[in-house]
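The values are calculated or read from the model by the stated rules, or taken from the named source; none is laboratory data. What you see is a predicted model, and the numbers here were worked out from it, not measured in a lab. Here the Cβ is made from the backbone with ideal geometry for all residues, glycine too, and neighbour counts use every protein chain on show. Heads up: the accessible areas ignore ligands, DNA and RNA and are worked out on the full protein's heavy atoms, side chains in. Shrake-Rupley method; radii C 1.70, N 1.55, O 1.52, S 1.80 Å.
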Amino acid sequence: MNTSTLIAPPALVRRAEQQDTQAIQALDSAHYMHPFTDHADLATRGSRVITHADNIYVWDSEGKKILDAMSGLWCVNAGYGRKELADAAYQQMMTLPFYNSFFQTTNVPAVRLAAKLTSLAPKVGDRSFTHVFFGSSGSESNDTNVRMARRYWDLLGQPQRKVIISRENAYHGSTMAGASLGGMSGMHAQGDLPIPNITHIGQPHYWENALPGESRADFGIRAARWLEEKILEIGPEKVAAFIGEPVQGAGGVIIPPETYWPEIQRIVDKYGILLIADEVICAFGRLGHWFAYEQFGIRPDLITFAKGVTSGYIPLGGVMVGNRVAEVLIGQGGEFNHGYTYSGHPVACAVALANLELMEREGLVDQVRTDTGPYLAQQFGALKDHPLVGEAETCGFVAGLVLVKDKEQRTMFDPDLSVGMICRRHCFGNGLVMRAVGDRMIIAPPLVMTRAQIDEMVGLIRQCLDATLAELRTKGLLA
Ligand SMILES: *Cc1c(COP(=O)(O)O)cnc(C)c1O
């Protein structure tokens, strides 16, 4: 536990907040339209008001301490209460709070961050990363990817290459392009999505999609070949790019078989299409590397990043532009008519630099790869012995388990029972944030989590599973 960076708010403030819970909940329900929220449901139960945080814990306005196994929303990689990041923001705001990069101007933090990020992205095969384009979020950065991929093919005289292939149950954000690239059917159902020229193939989800008796390796190859089938169906001359998360996050922490990504690389190479790795979750130590493409044996042309780049302390996202695209867009492209007011925002970039420096100084990426990641794999994997758990797997510091009715037969619960939500309720009640995606329970803990804290977290998970099991038995839903 990093006590040097502890920022505990005064006890008085806490007491005032406690008294205010109901008032805040009333104002919340009257005025604040939340993202991804059913407001009728929210109004009946009231929001949980999170007031402060430190290290891997958050506190609500009732004074309840909660272990945040989701790092906020997959982003607080360096943990809460890091004074260095607050100082970096303060210093930069006092020096230059904002300036744009549109009109032949630039700013020092943006330049330094672009250089820093390229230094953290190793060359792989003939692919290197020398340039970075900044936005403020993952969604925006995926919009940028669509613009870049189509512009790239236009400049090469192949304007018919428009189609971007993605995967069902992928998550690439919530803007028009982001939600279209994503493969969430609930999102597509609202707002006439996907937009034209975006299409989807199946996801490499072994638990759900493998044939009886099919090995992980064989399934990985078969799932990758869905891409080739789709390319041939569309016509290779019309395909611009394939986009995928190295490990699907919001879809439920779906870790592909080892054979999957190399086969995807073979296919995109064969047809000359661009490969976009959406590493908004996977980069910055989440999987034990600065960037995840290193460990999956792929050579992406564009990499989306956001979330962990600032540990979520301030919004920032962007695209790592590989040499293949940079040579065309920057080398021969003329003006690329695209950019955001906050592209290269100096405060966001200063916080990102401080965050990356902190992660380097504390060796967080190596720690996850060589020590706490393997330890989490062992401790979380042991949950497989629980009667409700069909599968429990990890990759670096993301992990998922599937709640099943019958382990031997691999039978799932009726989705209408919302067993995942029952479990999530027990987690909250028990002081643990764990997310439910259907009946998959997932975590992505802060990278500062120690071995002792992993034990604490896995202990809490076990208690929540026991409570869920007890409730299901009481309700007669299990033998
Ligand atoms: C969160 C996420 C996004 C969207 O990022 P926002 O900052 O919410 O716009 C895109 N891709 C992936 C893989 C994500 O997890």
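Here is a check on your reading of the model: is Ala350 assigned by TED's automatic domain parsing to the domain that holds Ile281, in contact with a Pro (Cβ under 9 Å, 6 or more places away or on another chain), more than 16 Å from Thr450 (Cα to Cα) and open to solvent by 10 Å² or more (accessible area, probe 1.4 Å)? Outline the logic, then answer.
Values: assigned by TED's automatic domain parsing to the domain that holds Ile281: yes; in contact with a Pro (Cβ under 9 Å, 6 or more places away or on another chain): yes; more than 16 Å from Thr450 (Cα to Cα): yes; open to solvent by 10 Å² or more (accessible area, probe 1.4 Å): yes.
Against the criterion (assigned by TED's automatic domain parsing to the domain that holds Ile281, in contact with a Pro (Cβ under 9 Å, 6 or more places away or on another chain), more than 16 Å from Thr450 (Cα to Cα) and open to solvent by 10 Å² or more (accessible area, probe 1.4 Å)), Ala350 qualifies.
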A careful count of residues in segment 184-237 that are touching a residue at least 60 places away in the same chain (Cβ under 8 Å) and not hydrophobic (A, V, I, L, M, F, W, C) gives 2
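Is it the case that some residue within segment 444-451 is part of a strand (DSSP E or B) and within 23 Å of the chain's Cα centre (by Cα)? I'd like the intermediate steps shown before the answer.
Kept after step one, since they are part of a strand (DSSP E or B), are these residues of segment 444-451: none.
No: zero hits.
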Quick check on segment 212-226. Is at least one of its residues assigned by TED's automatic domain parsing to the domain that holds Leu156, assigned to a helix (DSSP H, G or I), buried (at least 23 other Cβ atoms within 10 Å of the Cβ) and within 16 Å of the ligand (Cβ to nearest atom)?
no
Working only within segment 372-411, note down all residues that are more than 18 Å from Glu456 (Cα to Cα), touching a residue at least 12 places away in the same chain (Cβ under 8 Å) and either surrounded by fewer than 18 Cβ atoms within 10 Å (Cβ to Cβ) or aliphatic (A, V, I, L, M) (or both).
Pro387, Leu388, Val389, Glu391, Val402, Leu403, Val404, Lys407, Arg410
For segment 419-445: of the residues being open to solvent by 50 Å² or more (accessible area, probe 1.4 Å) and in contact with a strand residue (DSSP E or B) (Cβ under 8 Å, 6 or more places away or on another chain), which is farthest from Lys475 (Cα to Cα)?
Arg435
Looking only at segment 453-474, decide whether some residue is in contact (Cβ under 8 Å) with a residue 24 or more places away in the chain, part of a loop (DSSP other than H, G, I, E, B) and in contact with a Leu (Cβ under 7 Å, 6 or more places away or on another chain).
no
How many residues of segment 131-186 are open to solvent by less than 30 Å² (accessible area, probe 1.4 Å), farther than 14 Å from Asp301 by Cα and not small (Gly, Ala, Ser)? The answer is 7
From (1) touching a Lys or Arg at 6+ places or on another chain (Cβ under 8 Å); (2) polar (S, T, N, Q); (3) open to solvent by 40 Å² or more (accessible area, probe 1.4 Å), pick out the condition that doesn't hold for Asn323.
(3)
Selection over segment 108-125 where residues are at pLDDT 95 or above and farther than 18 Å from Val319 by Cα yields a count of 1
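If we keep just the residues of segment 195-205 that are surrounded by fewer than 20 Cβ atoms within 10 Å (Cβ to Cβ) and touching a helix residue (DSSP H, G or I) at 6+ places or on another chain (Cβ under 6 Å), which is farthest from Pro246 (Cα to Cα)?
In this case the residue turns out to be Ile195.
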If you go through segment 151-160 one residue at a time, do you hit one that is of a type in the set (S, T, N, Q) and farther than 24 Å from Pro262 by Cα?
yes
Going by what's in this entry, would Gln190 be described as in contact with a helix residue (DSSP H, G or I) (Cβ under 6 Å, 6 or more places away or on another chain), open to solvent by 30 Å² or more (accessible area, probe 1.4 Å) and more than 12 Å from the ligand (Cβ to nearest atom)?
no
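What number of residues within segment 162-187 are within 12 Å of Glu140 (Cβ to Cβ) and either near the ligand (Cβ under 8 Å from one of its atoms) or in contact with a Leu (Cβ under 6 Å, 6 or more places away or on another chain) (or both)?
In the first step, residues of segment 162-187 are kept if they are within 12 Å of Glu140 (Cβ to Cβ); the result is 172-178.
Keeping just the survivors that are either near the ligand (Cβ under 8 Å from one of its atoms) or in contact with a Leu (Cβ under 6 Å, 6 or more places away or on another chain) (or both) gives 172-175, 178.
Of the residues in segment 162-187, 5 are within 12 Å of Glu140 (Cβ to Cβ) and either near the ligand (Cβ under 8 Å from one of its atoms) or in contact with a Leu (Cβ under 6 Å, 6 or more places away or on another chain) (or both).
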